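Presented below is the structure to which this report refers.
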Amino acid sequence: MLADSHCHLNYKGLVEDQAAILSRARDRGVTAMLNISTRESEWDAVIATAEREADVWATIGIHPHEADAHSHVDTAKLVERAAHPRVVGIGESGLDYYYDHSDRERQQASFRAHIAACRETGLPLVVHTRDAEEDTAAILADEMGKGAFPGVIHCFTASGDFADKALSLGFYISISGIVTFKNAKELQATAARLPLDRLLVETDAPFLAPVPHRGKTGEPSFVADTAAFLADLRGESLDALTRATAENFHRLFAKTLA
Ligand SMILES: [Zn+2]
Ligand SMILES: [Zn+2]
């Protein structure tokens, strides 16, 4: 068992060769892939892949980069599309103050609309956060006060402090190929101490190919390399790490078991 908790199978670089990419992932033991949506125009395609492939599931959401262009996407619209049986999560949503591609207040409003959709559907939230730790933690804590909701901090690159806050809110933490990069010392220190029962792994493909594939187009098969690196870093067997992260994936995204 090995679950890639975050990939973009309908992005350029993967969509042209989806069948071969899925078969390479299966050859390396990948048994579950979560196909993440980032804008309304791709929802149909992201869901269609999940309808066609038994080991692929989908999310419905608007990336913070796209918040400005999607002010019409409200909680009701997210909830409506999330009713599809292959949609198992809401996102990716959150705050990205590194690129600031959308107005920060719009990003925050969109983030809160996604959280409300989680509360309404019971589906978990896939959080994207970059250079926005303080506001992300504040919004999550504030919204949690209105009613608990599950979720994951995807492609975790934040501080150890933020990891502790996310864990205390009940969140899972997903580690991408960035952890294999030579200069990712702080991330490696955090990843080494995260509780095994809250850990997920992901590729964020087509981005962030891990060592030894750096510079290539990322694909879900590479989650095996990140898992091997993490197992070594944490002093666990590869089997224990892949099994635990896959079990965590199906516990968090429980609709995958329906
Ligand atoms: Zn992201
Ligand atoms: Zn992503």
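Taking trypsin sites (Lys or Arg not before Pro) as exposed when their DSSP state is a loop state and no more than 13 other Cβ atoms lie within 10 Å, the longest site-free interval of the chain runs over 13-145. Spacing of the modelled spin labels on M1 and E16, each 7 Å from Cα toward Cβ, amounts to 3.6 nm. Radius of gyration (Cα atoms) of segment 91-181, expressed as a multiple of 2.2 N^0.38 Å: 1.01. Over the chain, with the other protein chains present, what is the accessible area per residue in square angstrom, probe 1.4 angstrom? Per residue, the chain has an accessible area of 40 Å².
Here each label is just a point 7 Å from Cα along the line to Cβ, and for K185 and D164 those points are 2.1 nm apart.
Projected onto planes of every orientation and averaged, the convex hull of the alpha-carbon atoms in the chain covers 12.0 nm².
The chymotrypsin sites (Phe, Trp or Tyr not before Pro) of segment 36-135 that DSSP puts in a loop, and whose beta carbon has at most 14 other beta carbons within 10 Å, are Y98, Y99. Amide H contacts of A205 (H built 1.01 Å from N, in plane; Pro and chain starts excluded): H8 sit under 5 Å, all sequence-distant by 5 or more or on other chains.
Between D55 and A240, what is the FRET efficiency for a Förster distance of 25 Å, r being their Cβ-Cβ separation, to the nearest 0.05?
0.70
For the chain, the 222 nm mean residue ellipticity estimated from helices alone, with every DSSP H stretch of n ≥ 4 adding -39500 (n - 2.57) and the total spread over all residues, rounds to -12000 deg cm²/dmol. Using bins of 5 Å that start at zero, the share of Cα-Cα pairs per bin across segment 166-231 amounts to 4, 19, 30, 23, 16, 7, 2, 0, in whole %. For segment 28-162, the antiparallel share of DSSP beta bridges with both residues in that region comes to about 0%. Taking the 1.4 Å solvent-accessible surface of segment 141-188 as the whole, the part contributed by carbon and sulfur is 54%.
The values are calculated or read from the model by the stated rules, or taken from the named source; none is laboratory data. Because the structure is predicted, anything quoted here is derived from the model rather than measured. Heads up, the Cβs are rebuilt from the backbone with ideal geometry, glycines too, and the neighbour counts pull from every protein chain shown. Surface areas here come from the heavy atoms of the whole protein model, side chains and all, with no ligands, DNA or RNA. Shrake-Rupley method; radii C 1.70, N 1.55, O 1.52, S 1.80 Å.
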